[in-house]
Amino acid sequence: MTRIHNANNKRIRSLRETSEGGRSVLVYNCDATIAYGMGERFDGVDRMGKTTETTIIEKFTHQGENTYFPLPFFFCNDGHGVFVQSDAAAIFTLTAGHVVITLPEGESDVFFLYGTPREIVSEFAHMTGEPVLPPDWAFGPWVSANRWKSQREVEEQLDKIEQTGYPATSLVIEAWSDEATFYLWNGAQYELKDGGEAFSAADLRFGEPWPDPQRMIERMHRMGIKLVLWQIPALKQLEVGEVCPQHDRDDAYALEQGFVVLNADGSPYRIPRQWFIGAHVPDFTVPELCSWWMEKRRYLLEMGVDGFKTDGGEFMHDLSVRFHNGQSGVTMRNRYVADYETAYTRAIGKDRTLFSRAGYLGSQTTPIHWAGDQASSFEEMRAVLGAGLSLGLSGVPFWSFDIGGFAGPLPSAELYLRSTAMAAFVPVMQWHSEPLGGQFGGVDTGLFNDRSPWNIALHANDESVERVARFYARLRMNLLPELLRQARISVSTRLPMMRHLVLDYPDDAQAQACHDEFMLGDLLIAPILYEGATGRDVYLPQGLWYSFLTRETLLGGQTVFAAAGRDEIPVFLRTPGVVVLNLPESLLLGGDVGNRVETLNKPVITISGKASLDYSDAFGNRAILRDGEILQANLRVLDVSALQLPEM
């Protein structure tokens with residue numbers, strides 16, 4: 001049975017329901033020529049002319065039509081949108097003026113939405129869950145690499161961060177655990193516990209390769225850096241020769257208590273292919289499983305761990321599997337990751353965050369998400385930008401990607417810096433890299449494969465890489481007040497921080513079709529996306545635009561060529577417009593203001609034209625502007641031309 005809500009005969013014409021292969025099919029005509037949304041899409045922002053299935057699929061690099069984060073929602077440039085409320089996969093075939101939706105088997109609710117792009121995206125987010133704001137520290141630069149498998153290696157990175165003045169606010173450790181329980185530090189000794197019991201830090205006698213993680217965490221916190229640890233929702237099948245009696249007890253307890261996903265015949269399901277083959281899968285629809293699972297990890301939070309990188313979850317390869325809530329793999333293939341991330345979000349509290357790869361309906365309530373695994377290439381950089389814009393157009397505001405790519409040979413200096421420049425303006429800025437030798441082996445450059453600025457500089461034999469990357473990380477900290485302001489606006493409006501131009505200029509045909517620029521507040525960002533480019537064409541919507549590169553004010557409603565050297569990115573401030581910055585006394589963009597998010601230099605409000613603003617923050621700063629007139633301010637308000645730009 002299909003329940004259709006709010007079909008408008010003036011917008012949705014010739015609506016009919018047919019049947020094909022036992023599934024209901026909705027068909028209708030409209031005036032649309034561009035379609036947006038459907039989650040994180042690597043094969044193009046515009047869904048028109050494509051057939052899109054809303055199924056979570058793990059695909060290592062070059063995702064193409066696959067996605068870790070599908071959503072059964074789209075909207076079009078004719079003012080209508082569609083939301084199919086179902087956890088099972090739907091298929092959307094969109095062509096200009098014609099829509100075909102193959103619905104999941106069984107009952108479905110189909111909602112038609114109308115209005116501006118902002119109104120439709122906001123309404124969809126409201127229907128599926130109010131966005132949750134990450135903690136402030138999440139908006140500074142993140143650092144990560146899978147290679148760091150010991151306290152010594154992490155401490156070396158902390159030393160490098162101090163030596164170089166790189167203002168990191170978060171550090172992710174992936175290879176920290178015993179690779180069996182995924183909650184005990186590797187090298188720790190302990191007395192075995194019953195599978196139903198949890199450890200405290202006092203139960204553990206730490207040893208190499210993590211002899212004193214508490215001291216390491218305390219050092220990080222003194223440096224203003226938060227710690228995020230990697231997680232996977234699996235009860236691993238140990239390799240031949242691998243021994244972990246505590247894991248065996250945990251696995252046996254989970255099976256005994258009915259905490260795992262089952263096959264159709266009632267036997268425990270094991271992951272049959274791809275990643276973590278043979279593992280049992282915890283069933284997060286079991287409330288007791290959620291409590292047991294998170295209690296095992298509570299001591300980590302007590303040690304000071306600030307978040308979890310909740311990876312994986314794309315494990316439902318058999319649609320006949322059964323869950324405690326009565327659902328099968330047909331629906332839980334998509335729903336599983338949302339339940340997994342919800343369990344962690346409830347356990348960690350509001351001052352911590354997740355960093356998740358996969359998502360589904362309602363995942364804006366469990367931030368943050370990143371784009372998964374891409375190779376180091378300009379082609380992948382273009383794909384990941386489209387993915388971030390698509391996810392934002394699907395109501396998910398907080399998103400990230402791996403600077404310079406995650407996998408394969410190291411990125412060139414050019415790719416790394418172009419990617420770093422773009423990352424400085426997306427919701428979360430972070431670099432990361434695959435295991436040493438490659439995700440599946442076969443990658444040996446003779447150097448560490450970290451995507452850190454210092455390692456890329458070493459690989460490229462170009463010290464300027466480190467300097468320029470540090471400039472963009474410091475620029476990120478300059479932008480912190482604006483990032484926090486935009487994050488709060490995103491939560492209150494249910495709109496993305498990183499906005500496709502159609503959200504700000506819905507009636508502008510060129511803005512509707514511009515899929516390689518984005519807005520951050522009043523800033524327009526135009527990343528350089530092609531190797532060897534010395535600039536790019538930039539579409540400026542109607543109005544006046546201040547160029548940070550040329551310090552000119554340009555007339556909008558036209559496409560201009562913006563020259564940009566390897567170390568530069570075209571950025572424009574619309575007029576009237578405003579950006580709130582954290583700057584040194586010199587007003588130098590990229591100037592060092594440290595990495596502290598709990599204290600700021602006195603922010604500087606930078607305006608272009610007769611801007612209006614009502615600004616306040618947690619530090620007692622306040623300013624009210626109306627059409628360029630300062631009505632109240634206890635901080636500096638300056639024209640954008642007063643900012644100082646460094647020599648790159």
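The values are calculated or read from the model by the stated rules, or taken from the named source; none is laboratory data. Please read all numbers here as calculations on a predicted model, not as lab measurements. All Cβ positions, even for glycine, are placed from backbone atoms using ideal geometry, and neighbour counts span all protein chains on display.
Taking the conditions exactly as written (among the β-branched types (Val, Ile, Thr) and either touching a residue at least 40 places away in the same chain (Cβ under 8 Å) or closer than 17 Å to SER177 by Cα (or both)), does VAL243 satisfy them or not?
Criteria met by VAL243.
Which residue out of MET498, MET519 is surrounded by 17 or more Cβ atoms within 10 Å (Cβ to Cβ), at pLDDT 95 or above, in contact with a Gly (Cβ under 8 Å, 6 or more places away or on another chain) and within 24 Å of ASP402 (Cα to Cα)?
MET498
So, in the range 576-607, of the ones that are within 15 Å of PHE548 (Cβ to Cβ), of a type outside the set (A, V, I, L, M) and in a loop (DSSP other than H, G, I, E, B), which residue ends up nearest to the chain's Cα centre (by Cα)?
Looking at residues that are within 15 Å of PHE548 (Cβ to Cβ), of a type outside the set (A, V, I, L, M) and in a loop (DSSP other than H, G, I, E, B), I get GLY590.
Any residue in the range 22-34 that is under 28 Å from the mean Cα position of the chain (by Cα) and over 30 Å from GLY438 (Cα atoms)?
For the range 22-34, residues under 28 Å from the mean Cα position of the chain (by Cα) and over 30 Å from GLY438 (Cα atoms): present.
For (1) more than 25 Å from THR345 (Cβ to Cβ); (2) in the same structural domain as VAL172 (by TED's automatic domain parsing); (3) at pLDDT below 95, each residue gets a yes or a no:
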position	(1), (2), (3)
ASP203	yes, yes, no
MET220	no, yes, no
PRO245	yes, no, no
LEU255	yes, no, no
PHE259	no, no, no
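Residues of the range 535-583 being hydroxyl-bearing (Ser, Thr, Tyr) and in contact with a helix residue (DSSP H, G or I) (Cβ under 6 Å, 6 or more places away or on another chain), which ones?
TYR539, TYR546
Go through the range 120-134 and give me each residue that's touching a strand residue (DSSP E or B) at 6+ places or on another chain (Cβ under 6 Å) and not in a helix (DSSP H, G or I).
Scanning the range 120-134 gives a single hit, PRO134.
Only one of (1) hydrophobic (A, V, I, L, M, F, W, C); (2) surrounded by 14 or more Cβ atoms within 10 Å (Cβ to Cβ); (3) not assigned by TED's automatic domain parsing to the domain that holds HIS369 fails for TRP210. Which number is that?
All conditions pass for TRP210, except number (3).
Within the range 263-358, considering only helices (runs of 4 or more DSSP H) that don't extend past its boundaries, which have at least 2 residues that are of a type in the set (Val, Ile, Thr), under 30 Å from THR169 (Cα atoms) and modelled with pLDDT of 95 or more?
329-348
Going through PHE74, PHE42, PHE60 one at a time, which residue ends up being of a type in the set (A, V, I, L, M, F, W, C) and touching a helix residue (DSSP H, G or I) at 6+ places or on another chain (Cβ under 8 Å)?
Selected residue: PHE42, the only one of PHE74, PHE42, PHE60 that is of a type in the set (A, V, I, L, M, F, W, C) and touching a helix residue (DSSP H, G or I) at 6+ places or on another chain (Cβ under 8 Å).
Can you tell me which of GLY404, GLY372 is more than 19 Å from PHE308 (Cα to Cα), touching a Lys or Arg at 6+ places or on another chain (Cβ under 7 Å) and buried (at least 24 other Cβ atoms within 10 Å of the Cβ)?
GLY404
Could you list, in sequence order, all residues of the range 619-636 that are part of a strand (DSSP E or B), surrounded by fewer than 19 Cβ atoms within 10 Å (Cβ to Cβ) and touching a strand residue (DSSP E or B) at 6+ places or on another chain (Cβ under 6 Å)?
Selection gives ARG622, ILE624, ILE630, LEU631, GLN632, ALA633, ARG636.
Can you name the residue in the range 407-441 that is in contact with a helix residue (DSSP H, G or I) (Cβ under 9 Å, 6 or more places away or on another chain) and among the polar types (S, T, N, Q) and is also surrounded by the fewest Cβ atoms within 10 Å (Cβ to Cβ) among such residues?
Going through the qualifying residues, I end up with SER412.
A quick yes/no check of all residues on (1) at pLDDT below 95; (2) in contact with a strand residue (DSSP E or B) (Cβ under 8 Å, 6 or more places away or on another chain):
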{"residue": "VAL428", "(1), (2)": "no, yes"}
{"residue": "LEU447", "(1), (2)": "yes, no"}
{"residue": "LEU480", "(1), (2)": "no, no"}
{"residue": "ARG494", "(1), (2)": "no, no"}
{"residue": "ALA513", "(1), (2)": "no, no"}
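Could you grab me the full set of residues in the range 372-396 that are assigned to a loop (DSSP other than H, G, I, E, B) and either at positive phi or out of contact with any Ser or Thr (no Cβ under 7 Å at 6 or more places or on another chain) (or both)?
Scanning the range 372-396 gives GLY372, SER376, SER377, LEU393, SER394, GLY395.
Can you name every residue in the range 58-84 that is out of contact with any Gly (no Cβ under 8 Å at 6 or more places or on another chain), free of Cβ contacts under 8 Å to residues at least 40 places away in the same chain and not in a loop (DSSP other than H, G, I, E, B)?
VAL82, VAL84
Six or more apart or on different chains, Cβ under 6 Å: which pairs go from a residue in the range 527-551 that's of a type in the set (Phe, Trp, Tyr) to one that's part of a loop (DSSP other than H, G, I, E, B)? Could you list them?
Filtered contacts from the range 527-551: TYR539/CYS514; TRP545/GLY556.
Restricting the range 213-262 to residues that are surrounded by fewer than 18 Cβ atoms within 10 Å (Cβ to Cβ) and polar (S, T, N, Q), which is nearest to HIS317 (Cα to Cα)?
This residue is GLN237.
Looking at GLU629, GLU598 in this structure, which one is without any contact (Cβ under 8 Å) to a residue 24 or more places away in the chain and either acidic (Asp, Glu) or not assigned by TED's automatic domain parsing to the domain that holds GLU568 (or both)?
GLU629
Any residue at all in the range 197-218 that's touching a helix residue (DSSP H, G or I) at 6+ places or on another chain (Cβ under 9 Å), aromatic (Phe, Trp, Tyr), under 24 Å from GLU341 (Cα atoms) and assigned to a loop (DSSP other than H, G, I, E, B)?
Checked the range 197-218: at least one residue is touching a helix residue (DSSP H, G or I) at 6+ places or on another chain (Cβ under 9 Å), aromatic (Phe, Trp, Tyr), under 24 Å from GLU341 (Cα atoms) and assigned to a loop (DSSP other than H, G, I, E, B).
Inspect the range 608-618 for any residue being of a type in the set (S, T, N, Q) and part of a loop (DSSP other than H, G, I, E, B) and give the result as yes or no.
So far as the range 608-618 goes, yes, one or more of its residues are of a type in the set (S, T, N, Q) and part of a loop (DSSP other than H, G, I, E, B).
May I ask you to say which residue of GLN163, GLN157, GLN189 is touching a residue at least 60 places away in the same chain (Cβ under 8 Å), assigned by TED's automatic domain parsing to the domain that holds HIS432 and of a type in the set (S, T, N, Q)?
GLN157
Read through the list (1) more than 28 Å from PHE69 (Cα to Cα); (2) hydrophobic (A, V, I, L, M, F, W, C); (3) assigned by TED's automatic domain parsing to the domain that holds ALA533, then give the number of the only condition that ILE456 fails.
(3)
Scan (1) without any contact (Cβ under 8 Å) to a residue 60 or more places away in the chain; (2) outside any loop (DSSP other than H, G, I, E, B); (3) farther than 26 Å from TRP370 by Cβ for the single condition PHE112 breaks and write down its number.
Just one mismatch for PHE112, condition (1).
Out of curiosity, is PRO584 of a type outside the set (Ser, Thr, Tyr) and either more than 15 Å from ARG476 (Cα to Cα) or touching a residue at least 24 places away in the same chain (Cβ under 8 Å) (or both)?
Spelling it out, it is not the case that PRO584 is of a type outside the set (Ser, Thr, Tyr) and either more than 15 Å from ARG476 (Cα to Cα) or touching a residue at least 24 places away in the same chain (Cβ under 8 Å) (or both).
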